[in-house]
Amino acid sequence: MSDASASLVPSDSRKLRACLLCSLVKSALQFRKDGCENCEPILRIKGSADRVSECTTAQFHGLVALMRPGESWVSRWQRIPDTVTQGIYAISVTGSLPDAVLDLLERRGVTYK
């Protein structure tokens, strides 16, 4: 497994978290170290334990492995955009992003489900 792929596979199953915007699942440490590969320009999680706590959740259900986002029936079923990175995704997440992030998403025209 390449270093890039290794950063997408959750490393500690006891401390998994899901991004509240794209549902990517990684450990809290991986989010703090690498950020969210899909949402980093908006969420700015990398390097901030507070942002990891605010923009990810430990409350999620189910996991799917997405290897070819543009070709996968799973990505269509889960309504995951073709532009996301390969990785492990939660089927559903519980929680909401901070108001400041929601305002930023609205200004950028990003739909938050």
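All of the numbers you see were taken from the coordinates with simple rules; none came from a lab. Just so it is clear, the model here is predicted, and its values are computed rather than measured. Glycine gets a Cβ as well: all are built from the backbone with ideal geometry, and neighbour counts include every protein chain shown.
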Mind listing the phi-derived Karplus ³J(HN,Hα) values for the stretch 92-101, rounded to whole Hz, using 6.51, -1.76 and 1.60 with θ = phi - 60°, and x for any glycine or proline?
-> 9, 10, 10, x, 9, 6, x, 4, 4, 5
Could you give the size of the charge dipole of the stretch 28-113 about its Cα centre, using +1 on the Cβ of each K and R and -1 on the Cβ of each D and E, expressed in debye and rounded to the nearest 20?
-> 120 debye
Per q in 0.13, 0.21, 0.26 1/Å, what log10 I(q)/I(0) does a Debye calculation on the alpha-carbon atoms of the stretch 44-113 return?
-> -0.46, -1.11, -1.23
